[in-house]
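Taking it in order: structure first as structure tokens, then the write-up.
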Amino acid sequence: MSDPVTALKGLKNTGGFASISEVGPTGMITLRGDLSAKPVIKAAVAASGVTMPEQGRIGSEGNHAMAWMSPDELLILCAYGDVHDRLAALNKKLSGQHTLAVNVSDARAMFRVRGAHAREVIAKVAPVDMHPDAFTPGMFRRTRFAQVPAAFWMPEPDVVQVICFRSVARYMYDLLGMAAQSRSEVGYFRR
Amino acid sequence: MLTIHCPNCGVTAEETEFHAHGEAHLKRFGPGSSEDDFESYLFMRKNPKGVHFERWRHQYGCGKWFHVARCTTTLEIFGSYSAQTTEPPKEIINHIENRRPDWNATEAPK
Ligand SMILES: [Zn+2]
């Protein structure tokens with residue numbers, strides 16, 4: 001089998017006030033269906049190893065996570081190598097249910113923005129209130145980053161994890177790098 | 001700039017995260033309808049100065065559709081409501097009547 005390759009081969013930019021790095025290959029499964037149906041919830045929880053996230057939130061357990069994408073969509077994150085097994089188990093549990101589960105690992109790119117002013121990088125490019133009281137860890141937000149769709153959450157303080165389509169990975173990397181240019185921090189969210 | 005609330009995912013954001021899709025609550029006239037009805041369904045749209053009901057989609061967010069009632073002159077938003085309805089809910093109508101005493105509720109789509 002061929003080795004998985006991310007869009008930018010793990011590119012990293014440490015020249016700015018926050019570091020931007022492409023995250024290595026990550027397993028991602030999109031699950032669409034009725035999120036209020038018990039069998040769907042059960043299957044999603046079993047496949048992700050994480051409890052069902054509430055609206056607009058992400059739950060994580062070690063390196064697995066599950067995010068609420070829309071009223072009928074979840075995103076399961078896991079190790080890249082596990083995705084086939086998890087998807088097969090998920091589909092088995094969902095047989096007979098009106099659902100759709102797809103491996104989207106290679107259709108996406110993921111970035112990590114790290115630094116004391118990481119929130120500012122996001123605030124510059126997305127129409128989201130990034131004040132520490134407004135956007136808190138555990139929240140998961142789909143929005144636009146400048147001209148492209150993106151989703152993000154904060155796995156820990158001062159770290160923002162961003163998911164976008166693979167086709168716009170380079171745009172996203174350059175955009176985040178520009179927003180994080182050294183000495184362009186505003187200090188708006190300083191307490 | 002409009003600040004819009006999506007009732008499907010609970011997000012409130014400025015309008016660039018969304019996309020407007022024109023007049024709401026149109027009644028579809030398909031095959032078998034009169035030419036006049038079909039023409040008006042396809043092309044004729046209200047363009048009111050004041051209270052207006054529109055379809056919006058949370059384009060960059062959850063991707064879902066919903067309705068927005070707003071004022072085209074002041075850009076005030078009266079409220080968002082479900083896409084799964086053929087007319088604005090009572091709360092929205094009441095709220096508009098409070099905010100715009102001159103507005104005639106019989107102008108609301110039915
Ligand atoms: Zn939404």
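The values are calculated or read from the model by the stated rules, or taken from the named source; none is laboratory data. Predicted model, so just to flag it, every value in this text is computed and none were measured. As a convention, Cβ positions derive from the backbone with ideal geometry for all residues, glycine included, and neighbour counts pool all protein chains shown. Protein only, heavy atoms only, side chains kept; ligands, DNA and RNA dropped before computing areas. Shrake-Rupley method; radii C 1.70, N 1.55, O 1.52, S 1.80 Å.
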- Query: Only one of (1) part of a loop (DSSP other than H, G, I, E, B); (2) more than 16 Å from the ligand (Cβ to nearest atom); (3) within 14 Å of chain B (Cβ to nearest Cβ); (4) surrounded by 14 or more Cβ atoms within 10 Å (Cβ to Cβ) is not met by residue A:52, so which one is it?
  - Reply: (3)
- Message: Among the residues of region A:9-40, what is the count of those that are within 14 Å of residue A:89 (Cα to Cα) and open to solvent by 50 Å² or more (accessible area, probe 1.4 Å)?
- Response: 1
- If we keep only residues of region B:74-85 that are modelled with pLDDT of 95 or more and more than 14 Å from every other protein chain (Cβ to nearest Cβ), then the residue farthest from the chain's Cα centre (by Cα) is B:74
- Of (1) open to solvent by less than 30 Å² (accessible area, probe 1.4 Å); (2) among the small types (Gly, Ala, Ser); (3) in contact with a Pro (Cβ under 9 Å, 6 or more places away or on another chain), residue A:81 satisfies every one except (1)
- Test residue B:55 against the stated conditions and say whether it is closer than 23 Å to residue A:71 by Cα, more than 14 Å from chain A (Cβ to nearest Cβ) and open to solvent by 40 Å² or more (accessible area, probe 1.4 Å). yes
- Quick one: which strands (runs of 3 or more DSSP E) sit completely within region A:73-191 and have at least 2 residues that are over 24 Å from residue B:16 (Cα atoms) and either more than 14 Å from every other protein chain (Cβ to nearest Cβ) or not aliphatic (A, V, I, L, M) (or both)? A:73-79, A:100-103, A:108-114, A:148-156
- So which residues in region A:118-128 are within 13 Å of residue A:19 (Cα to Cα) and either at pLDDT below 95 or basic (Lys, Arg) (or both), if there are any at all? A:119
- Kindly provide the set of residues from region B:1-22 that are in contact with a helix residue (DSSP H, G or I) (Cβ under 6 Å, 6 or more places away or on another chain) and within 10 Å of the ligand (Cβ to nearest atom), ordered by number. B:4
- Message: Just to be sure I understand, how many residues within region B:11-51 are open to solvent by less than 40 Å² (accessible area, probe 1.4 Å), within 11 Å of chain A (Cβ to nearest Cβ) and either assigned to a loop (DSSP other than H, G, I, E, B) or not aliphatic (A, V, I, L, M) (or both)?
- Response: 3
- Does residue A:10 satisfy being closer than 21 Å to residue A:151 by Cβ and assigned to a loop (DSSP other than H, G, I, E, B)? yes
